[in-house]
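Worksheet: the structure to be examined is printed underneath.
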Amino acid sequence: MRKRDFLATEDLGPDGFQRILELAARVKRGEVKGGLEGKILAAAFMDPSLRTRSSFEAAMFLHGGHMIVLEPGRGSWTWETEPGVVMEGTAVEHLIETSRVLARYADAIGVRVFPRGKEWVKERQDRVIRDFAAYSDKPVINLESARRHPCQGLADALTLKEKLGDPKGKKFVLSWAWHPKSLPTAVPASAAIAAAQLGMEVVIARPEGYDLDPDDMATIYQTATANGGRVSLATSMTDAMVGADAVYVKSWGALQFYGRPEEEREYRAGKRNWMMTVDLLKATKAGKGVVMHCLPVRRNVEIEDAVLDGPNSVVVDQAENRLHVQRALMLDLIGRR
Amino acid sequence: MRKRDFLATEDLGPDGFQRILELAARVKRGEVKGGLEGKILAAAFMDPSLRTRSSFEAAMFLHGGHMIVLEPGRGSWTWETEPGVVMEGTAVEHLIETSRVLARYADAIGVRVFPRGKEWVKERQDRVIRDFAAYSDKPVINLESARRHPCQGLADALTLKEKLGDPKGKKFVLSWAWHPKSLPTAVPASAAIAAAQLGMEVVIARPEGYDLDPDDMATIYQTATANGGRVSLATSMTDAMVGADAVYVKSWGALQFYGRPEEEREYRAGKRNWMMTVDLLKATKAGKGVVMHCLPVRRNVEIEDAVLDGPNSVVVDQAENRLHVQRALMLDLIGRR
Amino acid sequence: MRKRDFLATEDLGPDGFQRILELAARVKRGEVKGGLEGKILAAAFMDPSLRTRSSFEAAMFLHGGHMIVLEPGRGSWTWETEPGVVMEGTAVEHLIETSRVLARYADAIGVRVFPRGKEWVKERQDRVIRDFAAYSDKPVINLESARRHPCQGLADALTLKEKLGDPKGKKFVLSWAWHPKSLPTAVPASAAIAAAQLGMEVVIARPEGYDLDPDDMATIYQTATANGGRVSLATSMTDAMVGADAVYVKSWGALQFYGRPEEEREYRAGKRNWMMTVDLLKATKAGKGVVMHCLPVRRNVEIEDAVLDGPNSVVVDQAENRLHVQRALMLDLIGRR
């Protein structure tokens, strides 16, 4: 049997996507015991993590397995990621060897590697995670790459199903928010794709200049169409809120200024009113629209305290669901049958 | 049932304190197997650790559980700890979310957060550990905060019981020692409180200007009285040693200079004779007083080599007892019954 | 029973060496289950690690045990390693206490401590790992010290046995390679000793000035003789290749310039032709000589891509064998019987 990687939720196809979500629901209800006895996930973090690390480590343990945590450049060796390079600089090990070796120790490999903030034309190829998958003969799991955060996408989808009943046709607003930094687009792209996979009416609200990568937009449109949903764009947070069943608040940097953070910062100035507030909540469907965020969230910058601490917020449920979808994912990918 | 936190040994009450110590003794004798199967402790370390980390990880594993280690600001996100703040600075995540989320992944949360060395008036409120407990709906365990190191206190108490038989009425000297740095008062306060909980005659020997926080002193006095012990102060290490059953050597900074380390350093000058030596040992009861320290210890600065490597030292037994009291603590807090 | 440390493969004696290798082969074939239930390895890394850390953690888990990872100076306290010192500097804890305490929590202690690059006359005593062994009453395992990397040596030996059938009398070339940094000699010394323990014809090819420590050379000669092998030196990589069954490529610094990296760098200049290439491969026995490296390897600096990605390379098998020899080692040292 060919090994299966997990790099993006859209790669699962409609059946695979629903299969994982249904297994996650069963796992969450306590109906699935064990299944990962003697199984090892080696998780390499080139960037910080709280939820991903904790929830994957918990997921492996709860089913009898184990997660090994590696931190290249800190406790482990710095990686070279370019192919064919003469390695006479500071990078000590090529990802080719890292990937091949970890595949000998582990049953699956997780990799977190954020974009480096230099050239989008290069980053958008998402080469590091793809190369890892190419060189490993065990499944590679994307723990957030330059383009996708598919475990978050799965958790978002499970949360939407729990909170909205059948999400099909319901209104999902992905809203940009101001943030002191230029953040990656992996989470908003993955959230919109997951909502499209659920057949929702996806609205992406963002200031001018903050469009997602055109390839991601194409994927969102195609996925929505294929699942009976639709996609539209909005330039006003307030307008987009009207009748929303779910509002996903998230900041990201303007790709046109990628690699030029000072220019992006200037361009971002004057947009601090893009913050989720109790006032905005009133416009959502019956004032009961659920508010989502992948966390970590900047309080009173992206979302105000009263929303995060109020009844509409489901951000902690989303975080909890990371655990359950990942239990399902690991059982699906490497579980004993 | 309401969740129970473990923030200070005095919060356990006399029965709870003795119950944990008795369970620890049984655990140490190998009489208690399992009990933490499938249970997870998420331990967040904002500061370094050898014993706490190793012994808690061992404790969980030995009974079938697992510890997840998080290091905010290194492998994990930097925390914001102030409530109501507009998070536009460097802190990426508020402890509110960290606490709420970890409570979804784990059965208990451990937090180590040393005082930051700025304003004692603020630090003495011990807000970070208390907020963690407030926002988590799972037990929060203090792995050393600004004011308390209760796991150390439990281990000290178990060691005193092992070495002195019934410690009631026996002489416990907490002696200040010189050290190149201004250290926190959590350990000396916790040790004195634990000795008071055992009903010992507690003597605190320190140079002028090195009194513990008045609230801690009040707790030590009240606890001693309630348990049939008493408390006195001494300004000479030599005098205090006379007839001591146990000498707890520990350095801490003068709180009057808190936040002004240069002034504290000057004030500390000339006090290097506050070091535990073989000569001082002779004054202890029959020359056999046990010498305690929480470790890490500065050799030949706080305690001389000959004492640490000689028969009076019980510092390694204390460290071992961290393991056993924590096994008992976790079984008591989240163990299967 | 006296505890047994594992500091060097030559300390095992011929019987012990073969016993571990045979157990490793059985372990690799899946014939040995469990054996480390409830056992803990505390592994302290003063230097980075990918393979050692992952493979030991996997080894412990696969047999029911657990590895605790410590990183002194990062998540844990900085060590003092000098005996008798007045600890008023930056080091917070003496290795004496670290060793004694970890021995209370764990069934074995692993220590990685590279040479510090100052004085070879001092480093060559390998004091840190030896002191750890002296102060611990549990087995201490060398995870790479200034002088030895014995777990790598075991993995190299298992790989040679797998690839060459009986390696006795077959030609093993240890070849120096250029590298941008002055690297330690622990790996080349351990590899040559392991080959000598297998009774191979050991050839050490290196530029003038790159001899290993005279004590290591003496050990290599004595070990080869005792096992029916022999040792010779070569100053040309090309000449040494002729008829080789196995080529172990590895860079190391010239000990005569130890502690003076700028001089060593100049001396190393002009030696970049010491790189393993496809052309050189042709000279090996029937062109099928296996190419070994401990990893991490500098691609196109020590070994060119075409060799690493070609059929002669066994570097990933070597890395995998770290796992199996360490499973065998831990079962041998602390396994349940």
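Could you work out the Kirkwood radius for the range A:89-224, taking every pair of different alpha carbons, averaging 1/r and inverting it, reported in Å?
16.5 Å
Sort out for me the Cα centre separation of the range B:255-314 from the range C:287-337, rounded to whole Å.
49 Å
Give me a comma-separated list of calculated 3J(HN,Hα) values for the range A:304-310, in order, Karplus coefficients 6.51, -1.76, 1.60 applied at θ = phi - 60°, integers in Hz, x for any Gly or Pro.
7, 3, 4, 6, 4, 9, x
Dipole magnitude of the range A:152-318 about its Cα centre, charges +1 at Lys/Arg Cβ and -1 at Asp/Glu Cβ only, in debye to the nearest 20?
Computed about the Cα centre, the dipole is about 300 debye.
For the range A:149-166, take each phi angle, set θ = phi - 60°, evaluate the Karplus expression 6.51 cos²θ - 1.76 cosθ + 1.60, and give the result in whole Hz per residue in order, putting x for glycine and proline.
Calculated HN-Hα couplings, in order: 9, x, 5, 5, x, 4, 5, 4, 5, 4, 5, 4, 5, 5, 8, 10, x, 6 Hz.
Run the helix sum for chain C: -39,500 (n - 2.57) per DSSP H stretch of 4+ residues, divided by residue count, reported at 222 nm to the nearest 500 deg cm²/dmol.
One gets -11500 deg cm²/dmol as the mean residue ellipticity at 222 nm.
Given axes a ≥ b ≥ c from the Cα gyration tensor, I'd like to know whether chain B is rounded (a/c under 1.5), prolate (a/b larger than b/c) or oblate.
oblate
Among B:GLY16, B:GLY89, B:GLY117, which one shows the highest mean-square fluctuation when chain B is modelled as a Gaussian network with alpha-carbon springs under 10 Å?
B:GLY89
Between copies, how far apart are the A:PRO261 label points? List them in nm, one decimal, shortest first, with each point 7 Å from Cα toward Cβ, please?
2.7, 2.7
Would you please give the residues with an amide H less than 5 Å from that of B:VAL140, counting only those at least 5 places away or on a separate chain, with H modeled from the backbone geometry?
Result for B:VAL140 returns B:ASP5, B:PHE6, B:ILE109.
Take the rotation relating chain A to chain B, measure from its axis to every Cβ in chain A, and name the nearest residue with the distance in whole Å.
A:ARG74, 4
Please go through the range B:122-209 and write out the GluC sites (Glu not before Pro) that DSSP classes as loop and that have at most 10 other C-beta atoms within 10 Å.
B:GLU208
FRET efficiency for B:ARG265 and C:VAL85, Cβ-Cβ distance as r, R0 = 30 Å, nearest 0.05?
My answer for the efficiency is 0.90.
Which value, in debye to the nearest 20, gives the size of the charge dipole of the protein assembly as shown about its Cα centre, when Lys and Arg are +1 and Asp and Glu are -1 at the Cβ?
Value, rounded to 20: 2280 debye.
Amide H of B:ALA44: which non-local residues (sequence gap of 5 or more, or other chain) have their own amide H closer than 5 Å, using H built in the peptide plane?
When sequence neighbours closer than 5 places are left aside, the close amide H contacts are B:LEU70, B:GLY110, B:VAL111, B:ARG112.
Within 10 Å of each residue's Cβ, count the other Cβ atoms and sort C:ARG124, C:ARG322, A:ARG26 from fewest upward.
Arranged by neighbour count, lowest to highest, C:ARG124, C:ARG322, A:ARG26 become A:ARG26, C:ARG124, C:ARG322.
Treating the beta-carbon of each Lys and Arg as +1 and of each Asp and Glu as -1, no other charges, what is the dipole magnitude of chain C about its Cα centre, to the nearest 20 debye?
In debye, rounded to 20, chain C gives about 820.
Based on the alpha-carbon gyration tensor of the range B:201-328 and its eigenvalue square roots a ≥ b ≥ c, which shape applies: rounded if a/c is under 1.5, prolate if not and a/b is larger than b/c, or oblate?
In terms of gyration-tensor shape, rounded.
At 7 Å along Cα-to-Cβ for each site, give me the label-to-label distance between C:ASP305 and B:ARG29 in nm.
About 6.8 nm, to one decimal.
For Cα pairs less than 8 Å apart in space and 6+ apart in sequence, what is the mean separation divided by the residue count of chain A, i.e. the relative contact order in percent?
Dividing the mean separation by the residue count of chain A yields 21 percent.
Report ³J(HN,Hα) in whole Hz for each residue of the range A:9-22, in order, from the Karplus equation J = 6.51 cos²θ - 1.76 cosθ + 1.60 where θ = phi - 60°; Gly and Pro get x.
Once θ is set to phi - 60°, the couplings for the range A:9-22 become 5, 5, 5, 5, x, x, 5, x, 4, 5, 4, 5, 5, 5 Hz.
Taking a point 7 Å out from Cα toward Cβ as the label site, list the nm distances between C:ARG29 and the same residue in every other copy, smallest first.
Those separations, rounded to one decimal, come out as 4.7, 4.7 nm.
Please check: in the Gaussian network model of chain A (C-alpha springs, under 10 Å), which one of A:GLU31, A:GLU320, A:GLU302 has the largest mean-square fluctuation.
Sorting by GNM fluctuation, first place goes to A:GLU31.
Using amide H atoms built 1.01 Å from N in the peptide plane, name the residues 5+ places from B:SER175, or on other chains, whose amide H lies under 5 Å from its own.
B:ALA205, B:TYR248, B:VAL249, B:LYS250
Only the coordinates and a few stated rules stand behind these numbers; no lab work does. All values derive from a computational prediction rather than experimental measurement. Don't worry about glycine lacking a Cβ; one is built from the backbone with ideal geometry, like all the others, and counts go over all protein chains shown.
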